[in-house]
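Below is one structure, written out as structure tokens; comments come after it.
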Amino acid sequence: MYEPTSILLAEDNKMDIELTLDAFRESRLKNKINVVHDGEEALNYLLGTGIYSDREKYPLPGLILLDLKMPKIDGFEVLKRVKSTPVIKRIPIIVLTSSKDEGDRIMSYDSGANSYLVKPVTFEGFMDVVKKITEYWITLNIPSPIK
């Protein structure tokens with residue numbers, strides 16, 4: 001079974017961060033989850049620039065959970081940049097957003113998203129989403145080599 005060394009959660013809403021982390025803890029996920037709070041920070045992490053240059057401390061994630069509506073650089077731009085950068089383009093990206101807008105969904109897939117999930121409003125709903133993410137993306141999916 002393949003387990004990513006870490007998961008990158010790119011989310012600016014503090015309550016959504018806590019809800020997501022609580023749901024992963026509750027599901028007993030053993031993978032480390034690194035959190036970034038805007039698109040610029042997400043790209044710095046993924047490209048290993050600035051404070052994220054130490055790859056032992058900040059390893060490339062095996063999975064990215066990406067919110068779309070973030071400050072500085074939005075999730076769409078993060079998607080486009082990641083999917084056009086050879087060293088990181090194969091990292092699966094799950095858009096985890098509150099947007100049910102069809103245009104956002106289409107633009108996400110056109111920009112390279114591997115999956116599009118709407119954030120549930122209840123903890124039980126988040127638990128269900130986390131369980132499904134864990135079952136498929138972490139347990140069943142055999143990822144493409146990142147490097």
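General remarks:
- Exactly one residue among GLY75, GLY112, GLY103, GLY50 is within 12 Å of the chain's Cα centre (by Cα) and modelled with pLDDT of 90 or more, and that residue is GLY75.
- Residue satisfying condition, being modelled with pLDDT of 85 or more and either exposed (fewer than 15 other Cβ atoms within 10 Å of the Cβ) or out of contact with any helix residue (DSSP H, G or I) (no Cβ under 7 Å at 6 or more places or on another chain) (or both), within set SER144, SER84: SER84
- Qualifying residues in region 40-64 (those that are of a type in the set (Val, Ile, Thr) and not in a helix (DSSP H, G or I)) - the one farthest from TRP137 (Cα to Cα): THR49
- Of LYS100, LYS72, all but one fail to be at positive phi, exposed (fewer than 15 other Cβ atoms within 10 Å of the Cβ) and either of a type in the set (Val, Ile, Thr) or assigned to a loop (DSSP other than H, G, I, E, B) (or both); the exception is LYS72.
- Qualifying residue in region 36-46 (condition: surrounded by 15 or more Cβ atoms within 10 Å (Cβ to Cβ), out of contact with any helix residue (DSSP H, G or I) (no Cβ under 8 Å at 6 or more places or on another chain), in contact (Cβ under 8 Å) with a residue 40 or more places away in the chain and over 27 Å from GLY125 (Cβ atoms)): no
- Of the numbered criteria (1) within 23 Å of ASN13 (Cβ to Cβ); (2) among the small types (Gly, Ala, Ser); (3) outside any helix (DSSP H, G or I), the one SER144 fails is (1).
- One residue stands out in region 1-39 among those that are part of a helix (DSSP H, G or I) and farther than 17 Å from LEU63 by Cα: the one that is modelled with the highest pLDDT, namely LYS14.
- Whenever a residue of region 131-143 is β-branched (Val, Ile, Thr), its partners that are modelled with pLDDT under 75 and outside any helix (DSSP H, G or I), lying with C-beta atoms within less than 7 angstrom and at least six residues away or across chains, give the pairs ILE138/GLU3; ILE138/PRO4; THR139/MET1; ILE142/TYR2.
The values are calculated or read from the model by the stated rules, or taken from the named source; none is laboratory data. What you see is a predicted model, and the numbers here were worked out from it, not measured in a lab. Positions of Cβ are backbone-derived with ideal geometry, glycine not excepted, and every protein chain shown enters the neighbour counts.
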